[in-house]
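Only one structure is covered here, and it is reproduced in the block below.
Only the coordinates and a few stated rules stand behind these numbers; no lab work does. Computed from a predicted structure; not experimentally measured. Positions of Cβ are generated from backbone atoms using ideal geometry, with glycine treated the same way; all protein chains shown enter the neighbour counts.
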Amino acid sequence: MSTARIDAHHHLWHYTRGKSAFLDAEEYTAIQQDYEAQELGELIEIHGFDGTVVVQADQTLEETRFMLAQAEQNAFIKAVVGWVDLGNPASIEVLESWAGHPLFRGIRPEFTGDAVLVPEHAEVIAALERLGLGLDLMAFPGEIGTLVTLAGRHPDLSINLNHCGYSEHGDDSLEPWRSEMRALSEQTDVTVKFSGVMWRLPPHWRNDLLFQAFDHLLETFGPGRLMWASDWPHMEAHSNYAEWTSLSGDYLSRLSDTEQAAIFGATATRTYRL
């Protein structure tokens, strides 16, 4: 039986100015519109994917309810990564309620770096760990070490680093990203989403430095801890589904069928219990 191909990170939204601050920025003019599940369903069919994981794009409980409803209505959405306020103890009751939903798998806060480690967040993060839910996180070069600390505090928590740790925001030596990612791979069980690199990609990164970053991810994390994702429709501001699928697919074609299957689906299937 072949492994299902999974897009492990995308969004859906009904755009309203003022709802999501990042979307109102001038650089995102191209994506200041609605993006519906039907459109994504057509894209994943064209590019040979069997299912997806939808991730929050707004910091409200209503956003998570919206995504759960979309997942219930669209069978290709296999899991939901929502949002709660990590600093609010009342979020524990919300998580306990959602933990019983067959498609809810965890949350993603919008902040990066040391914010995840503040004492006010510890109680809700401990609840995620207790409930078997995951924590998706964003971290830029210079911040990635915070995930090592977090994993040490919560050894049974499933932690997923989004978008390659934003490798393109390091310098041309790939530092400090290179060293931080090696330490993360050696000291934790964190998985990494193979995505997001088309966002503000410096022109001279295509494709030499980009592929150096990919090489480092394969060397340190291996296919079993990497999962392919589109970051659609966010990536439409700078690229498109076809370009990223083609670029990443050409790069990963050097791997064995088993290794490609891990990155394109098996890692996400295991991580999100699809």
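Summary of values
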{"item": "Label point distance in nm, residue 69-residue 93, each placed 7 Å from Cα along Cα→Cβ", "result": "2.3 nm"}
{"item": "Relative intensity, log₁₀ I(q)/I(0), of the chain from a Debye sum that treats every alpha carbon as a point, q = 0.06, 0.10 Å⁻¹", "result": "-0.16, -0.47"}
{"item": "FRET efficiency estimate (nearest 0.05) - Cβ-Cβ, residue 22 to residue 219, R0 51 angstrom", "result": "0.95"}
{"item": "At 0.692 mPa s and 37 °C, Stokes diffusion of segment 1-113 via Kirkwood alpha-carbon radius, µm² per second", "result": "217 µm²/s"}
{"item": "Selection from 159, 56, 209 lying farthest towards where the dipole of the chain points positive, charges on Cβ", "result": "159"}
{"item": "Reciprocal mean inverse distance between Cα atoms of segment 120-260 - Kirkwood radius, Å", "result": "15.7 Å"}
{"item": "The chain, relative contact order in percent, only Cα pairs under 8 angstrom and at least six apart counted", "result": "20 percent"}
{"item": "Within segment 204-274, trypsin sites (Lys or Arg not before Pro) in DSSP loop having at most 13 other beta-carbon neighbours inside 10 Å", "result": "206, 254, 273"}
